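> One structure coming up, written as structure tokens, with questions to follow.
The values are calculated or read from the model by the stated rules, or taken from the named source; none is laboratory data. Source: prediction; values computed, not measured. Counting neighbours? That spans all protein chains shown, and the Cβs are built from the backbone with ideal geometry, glycine included. We work out accessible area using only protein heavy atoms, side chains counted, and drop any ligands, DNA or RNA first. Shrake-Rupley method; radii C 1.70, N 1.55, O 1.52, S 1.80 Å.
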Amino acid sequence: MTNPHAPAAPATDPTFTPPTLGRRFGALIIDWVLCLLVANIFADPVRDGWAPVLVLVLEYGIFLGLFAQTPGMYITKIRCVNWLDGGRIGLLRALGRGVLLALVVPALIMDEHRRGLHDRLTGSVIVDAPRS
């Protein structure tokens, strides 16, 4: 028996409307600032450009894998879920998504559901966070 309160899987929901690019970009900016602050603890982000990128990949892996939201996504009220079933994407796919996002180009190639190449390759999608 299916849960009537569970959201429909984005892939099978004909009414699915992705969040705006502004909210996605806002979440990314918030996460990037946090990554710069964390990276500053163990490296100079200006001199060691790899440090904030590494923190971003790890942040995405941990937060998306376990909670389906990064801190920036929490603030902008969006989340990253599995395209096929609407559940969490797990640690490995979240890490892969973070690596692909760090490459920047995959995020710029979007389909009609605003799924970047990094989303399509990891089977994920950005959706509105449920109202609590």
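> State in Å² the accessible area per residue of the chain; use a 1.4 Å probe, count heavy atoms of protein chains only, and round to the nearest integer.
Working: 7750 Å² over 132 residues.
Per-residue value: 59 Å².
> In addition: Counting only protein heavy atoms and using a 1.4 Å probe, what share of the accessible area of the chain belongs to carbon plus sulfur, as a whole percent?
Values: 5330 of 7750 Å².
Using a 1.4 Å probe with all protein chains present, the chain comes out at 69 percent carbon and sulfur.
> Another question, if that's okay. Per DSSP H run of n ≥ 4, the term is -39500 (n - 2.57); total these for the chain, divide by its residue number, and report the mean residue ellipticity at 222 nm rounded to 500 deg cm²/dmol.
Helix-only estimate at 222 nm: -13500 deg cm²/dmol.
> Distances over 23 Å make up what percent of all Cα-Cα pairs in the chain?
Values: 2508 of 8646 pairs.
In whole percent, the share of Cα-Cα pairs in the chain beyond 23 Å is 29.
> Right, another one. For the chain, which longest stretch is free of loop sites, where a loop site is one of the trypsin sites (Lys or Arg not before Pro) that DSSP puts outside H, G, I, E and B and that has at most 13 other Cβ atoms within 10 Å?
The answer is 48-130.
> Sort the stretch 62-114 into rounded, prolate or oblate with this rule: let a ≥ b ≥ c be the square roots of the eigenvalues of the Cα gyration tensor; rounded if a/c is under 1.5, and if a/c is not under 1.5, prolate when a/b is larger than b/c, oblate otherwise.
Since a/c stays below 1.5, the shape of the stretch 62-114 is classed as rounded.
> Helix 91-102: angle to the longest alpha-carbon principal axis of the chain, degrees 0 to 90, nearest 10?
Roughly 60 degrees between the two axes.
> Hey, another quick one. So if we plug the beta-carbon distance of LEU92 and ASP128 into 1/(1 + (r/R0)^6) with R0 = 25 Å, what FRET efficiency do we get, rounded to 0.05?
Here the calculated transfer efficiency is 0.50.
> Please compute the modelled spin-label separation between LEU84 and ALA8, points set 7 Å along Cα→Cβ, answer in nm with one decimal.
For ALA8 paired with LEU84, the spin-label model returns 1.9 nm.
> If you fit an axis through the alpha-carbon atoms of helix 21-42 and take the longest principal axis of the Cα set of the chain, what angle between them do you get, 0 to 90°, nearest 10?
Orientation of helix 21-42: about 40 degrees from the principal axis.
> Tell me, what is the percent relative contact order of the stretch 1-117, built from C-alpha pairs under 8 Å that lie six or more residues apart?
Working: 141 pairs, mean separation 32.6, N = 117.
Relative contact order comes out at 28 percent.
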